[in-house]
Amino acid sequence: MQWSDHYRRYARYNAWINQSLIQASLQLNPAELNKDHQLFFHSLTGTWNHIFIGDLLWLGRLRHIFPILDDALDQWPKPQHLDEILFPDLHELAHQRQILDELFIHWCDLLREADSQAVLEYTNTRDEQVAKPLPQVLQHLFNHQTHHRGQITAVLSQLEVDYGPTDFLFMPEDD
């Protein structure tokens, strides 16, 4: 199995679970979505936006070694802060999330064995110069989403919203 096969599966899992949990979140009224639930980014809306922003920031860094990302990233806002609300309407975020997740799938499908040796050099949010191996960056990117989705599922559980299975093994198989 190639190293990139893991990230192809992670990209598909993220697309599936993001849509599943956003749809579960949309069962709530706007007041509940925007209520401060004491999450890192306060509300469910804030947390969904933070996940999106994190992905945009990482893809923006990755575009320097993967120019295929250039045109795709131009359609989205350029966040300045990790706590921005790019999409106050969760319906719009769901639509944009689906497009972004499709980009992740497409990009991960194009990863080659030689890419496993790539090193991403970037400036982090503290204005520090960093260099990390691509596999480490990809693992972080997907773990970041998982971390915050865990916060989302905790709140949905407290609010008694049924969000269905979340385990990787329950993801529908590719056709």
If I filter region 107-116 down to residues being touching a residue at least 12 places away in the same chain (Cβ under 8 Å) and not charged (D, E, K, R), which single residue comes out as farthest from S25 (Cα to Cα)? S116
So which residues in region 101-139 are of a type in the set (S, T, N, Q) and either within 22 Å of E84 (Cβ to Cβ) or touching a Pro at 6+ places or on another chain (Cβ under 7 Å) (or both), if there are any at all? S116, T123, N124, T125
Looking across region 38-55 at residues that are of a type in the set (A, V, I, L, M, F, W, C), closer than 13 Å to H81 by Cα and in contact with a helix residue (DSSP H, G or I) (Cβ under 7 Å, 6 or more places away or on another chain), the single one that is surrounded by the fewest Cβ atoms within 10 Å (Cβ to Cβ) is F41
Being exposed (fewer than 15 other Cβ atoms within 10 Å of the Cβ), in a loop (DSSP other than H, G, I, E, B) and of a type outside the set (A, V, I, L, M, F, W, C) is the filter here; which residues of region 58-80 pass it? H64, P67, D74, Q75, P77, K78, Q80
Which pairs have Cβ atoms under 6 Å, sit 6 or more apart or on different chains, and link a residue in region 85-105 that is polar (S, T, N, Q) to one that is at pLDDT 95 or above? none
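Results for (1) at pLDDT below 95; (2) surrounded by fewer than 17 Cβ atoms within 10 Å (Cβ to Cβ); (3) more than 16 Å from the chain's Cα centre (by Cα), shown as yes or no for each residue.
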| position | (1), (2), (3) |
| --- | --- |
| A114 | yes, yes, yes |
| L120 | no, no, yes |
| R126 | yes, yes, yes |
| Q129 | no, yes, yes |
| L134 | no, no, yes |
| V137 | no, no, no |
| A154 | no, yes, yes |
| L169 | yes, yes, yes |
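Check Q38, Q80, Q19 and return the single one that is without any contact (Cβ under 8 Å) to a residue 24 or more places away in the chain and closer than 25 Å to V155 by Cβ.
The unique qualifying residue is Q38.
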Looking at region 112-136 only, could you name the residues that are outside any helix (DSSP H, G or I) and not aliphatic (A, V, I, L, M)? R112, E121, Y122, T123, N124, T125, R126, D127, E128, Q129, K132, P133
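The values are calculated or read from the model by the stated rules, or taken from the named source; none is laboratory data. Note that the structure is predicted; figures quoted are calculated from it, not measured. Please note: Cβ atoms are built from the backbone with ideal geometry, for glycine as well, and neighbour counts cover all protein chains shown.
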